[in-house]
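Accompanying notes for the structure given below.
The values are calculated or read from the model by the stated rules, or taken from the named source; none is laboratory data. Keep in mind that what you see is a predicted model, and the values were worked out from it rather than measured. Here the Cβ positions follow ideal geometry from the backbone for every residue, glycine too, while neighbour counts run over all protein chains shown.
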Amino acid sequence: MNPSMPARASSNTAAGGAARPRERYRGLGNLFVAILCFEMGLFLLAFPWSHYWTLNYFGWMSPEWREIWMNPYFRGAVSGLGLVNFYVALAEIFRMPRFGRRAAE
């Protein structure tokens, strides 16, 4: 930028027109991440303890893999990742701005 030329502010950004849609999309992004983390957490919490856990490809690759795959500690670790996803979902929900509150007020 040439220092002798004055900087021009666009009328859209000076009036705040560009900031409001960005805030709206940020809120939708937070909501999307919260829903995704909640669903992933629910899946990771429940799936290792269902009978479908034994019917997948990784459990039948080799006897060593099957021993690890069927270990209750490994299942508990996967369920623990589900709890971490629940925590992230709750953190995203509480980080979202309250509905109806405006940033200018």
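Restricting attention to the range 49-86 and to residues that are part of a helix (DSSP H, G or I), of a type in the set (Ser, Thr, Tyr) and at pLDDT below 95, the residue that is surrounded by the fewest Cβ atoms within 10 Å (Cβ to Cβ) turns out to be TYR52. Annotation note: of ALA14, ALA91, the sole residue that is loosely packed, with under 12 Cβ neighbours inside 10 Å, at pLDDT below 90 and among the aliphatic types (A, V, I, L, M) is ALA14.
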